[in-house]
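One structure is given below, encoded as structure tokens.
The values are calculated or read from the model by the stated rules, or taken from the named source; none is laboratory data. Since the model is a prediction, treat every value here as computed from it, not as a measurement. Cβ sites come from the backbone with ideal geometry, for glycine too, and all protein chains shown count toward neighbours.
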Amino acid sequence: MPYDLVIRQARLRRQPAGLWDLAVDQGRIVAIAERVTDAAGLELDAAGGLVTESFVNPHLHLCKVYTRPLLDEATLRGYHAEGMGGAMTTIEAAARVKEQYAEAWLIKNVRRAVAQAALHGNLHIRALADVDPLARLEGLRALLRAREEFRGLVTVQVAAFAQDGLARAPGAAELMRQAMALGADVAAGIPWIEYTDADLQAHVRAIFDLAQQHGTDVSMLVDDAGDPGLRSLETVAVEAIRRGWQGRVLAHHARAMALYPEPYFQKVAALLRQARLAVITDPHTGPLHARVKDLLAAGVTVALGQDDISDGYYPFGRNNLLEVAFLAAHLLWMTTNPELETLYDMITGRAAEAMHVPDHRLAVGAPANLVVLEAPDVLEALRAHAAPRFVISGGRLLDRAPLEAVARTGDWPA
């Protein structure tokens, strides 16, 4: 057969109206035409459904998934309190669950979440693993194991994450060094959680040191509370510029931005552009969020993330990025057709750009990581936020049955 796979009767974004065929061979898209005349080893009928590049999740606390039953109600309420003034206290309370961390049970939770990602067409994830004296390296080891188990199905970027700070958590810095040596893909920090400005700045420098030593990207959770005086986003952007690490840093949350005075916001936006620093926002997991529309208008790359799945910070979540975008449409009041298209970009191309997923687009020559949706367009896709009819990973049709079993049990079928 000339092709490995042909998808027929598809609707495409940013193409003239009508139905299109796509041919895939050796893991790449090799033809897009109104009619691909040659046959293939496998042919799929899109039946007029929308076909796009697959979904990308640049922010997931994967070591924490499904730990919600281990937490008390007071902890669960704290992060969502009005104004988010008690966010730091909630993070401290939620950390208690990590005393129970063990790779043997964490890996089952992790597998369930990654299998759900695959079933929903989410084929690239930046996954944070807490690294601190409570979590030790148990969560990181579970994520590294899942990265290998799902290789070829879902690409998992493992981020070693100093969740409890560095100065605040003696021993965390050494554990972070060990985590990077074990093969973490990203160095991740949370500078705003430190007690002093001096410790905050030292935290930022330490994470960039690790990234430069290992040649990795940086993820920083910044200003995740209702305090307009929080300034770690600015510190991270300036450090990226000083280090020549432009385009290699993600800032997650930045919720305090919602309270910034306008002149300071404009200054920060200019720094973000200069640092080519992308902002990852998860408006569904907290009552404050980054100023998404203003950031987009300022030319800053913004993407959406899942953030949490059934843990101390969020009760729901399925690694379904269409669901995340559906929620964001309401919370951000992005409801016009162009804004819905932008939201779709924020869970596909813009998220891929932030994570450095190469050539993630629906175009001839690009890797064939695709979703075939039931819906005919973006509006209907967001309205239903249903799992795709078909998911193509690396040019191959995903077999749903074993993934559904893993999503239920956390174990691979025998």
Return yes or no: is Asn319 crowded, with 23+ Cβ neighbours inside 10 Å and among the polar types (S, T, N, Q)? yes
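Within the group Val324, Val279, which residue is in a strand (DSSP E or B), β-branched (Val, Ile, Thr) and at pLDDT 95 or above?
Details: Val324 fails: in a strand (DSSP E or B).
From the options Val324, Val279, the qualifying one is Val279.
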Pairs returned, first residue in region 71-83 that is closer than 12 Å to Asp308 by Cβ and among the hydroxyl-bearing types (Ser, Thr, Tyr), second residue that is modelled with pLDDT under 70 and in a helix (DSSP H, G or I), beta-carbon separation under 9 angstrom, 6 or more apart or interchain, are Tyr79/Ala87
Confirm whether Arg361 is among the charged types (D, E, K, R), in a helix (DSSP H, G or I) and modelled with pLDDT of 95 or more. no
Looking at Pro338, Pro413 in this structure, which one is over 13 Å from Leu123 (Cβ atoms), part of a loop (DSSP other than H, G, I, E, B) and more than 20 Å from the chain's Cα centre (by Cα)? Pro413
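When the residues of region 14-58 are narrowed to those that are among the charged types (D, E, K, R) and surrounded by fewer than 16 Cβ atoms within 10 Å (Cβ to Cβ), which ends up farthest from Val324 (Cα to Cα)?
First pass over region 14-58, keeping only residues among the charged types (D, E, K, R): 14, 21, 25, 28, 34-35, 38, 43, 45, 53.
If we keep only those that are surrounded by fewer than 16 Cβ atoms within 10 Å (Cβ to Cβ) as well, we get 14, 34-35, 38, 43, 45.
Numbers: Arg14: 22, Glu34: 32, Arg35: 34, Asp38: 38, Glu43: 30, Asp45: 27 Å.
Step by step, filter region 14-58, then rank; the result is Asp38.
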Tell me which of these Arg147 doesn't satisfy, since it passes every other one: (1) over 30 Å from Val51 (Cβ atoms); (2) part of a helix (DSSP H, G or I). (1)
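It is to be established whether one or more residues within region 166-185 are in a strand (DSSP E or B) and either at pLDDT below 95 or surrounded by 20 or more Cβ atoms within 10 Å (Cβ to Cβ) (or both).
No; the residues of region 166-185 include none that is in a strand (DSSP E or B) and either at pLDDT below 95 or surrounded by 20 or more Cβ atoms within 10 Å (Cβ to Cβ) (or both).
Residue check: is Leu140 in contact with a Leu (Cβ under 8 Å, 6 or more places away or on another chain) and assigned to a helix (DSSP H, G or I)? So that I can check it myself, show each step before the final result.
On the way: in contact with a Leu (Cβ under 8 Å, 6 or more places away or on another chain): yes; assigned to a helix (DSSP H, G or I): yes.
Yes: the conditions hold for Leu140.
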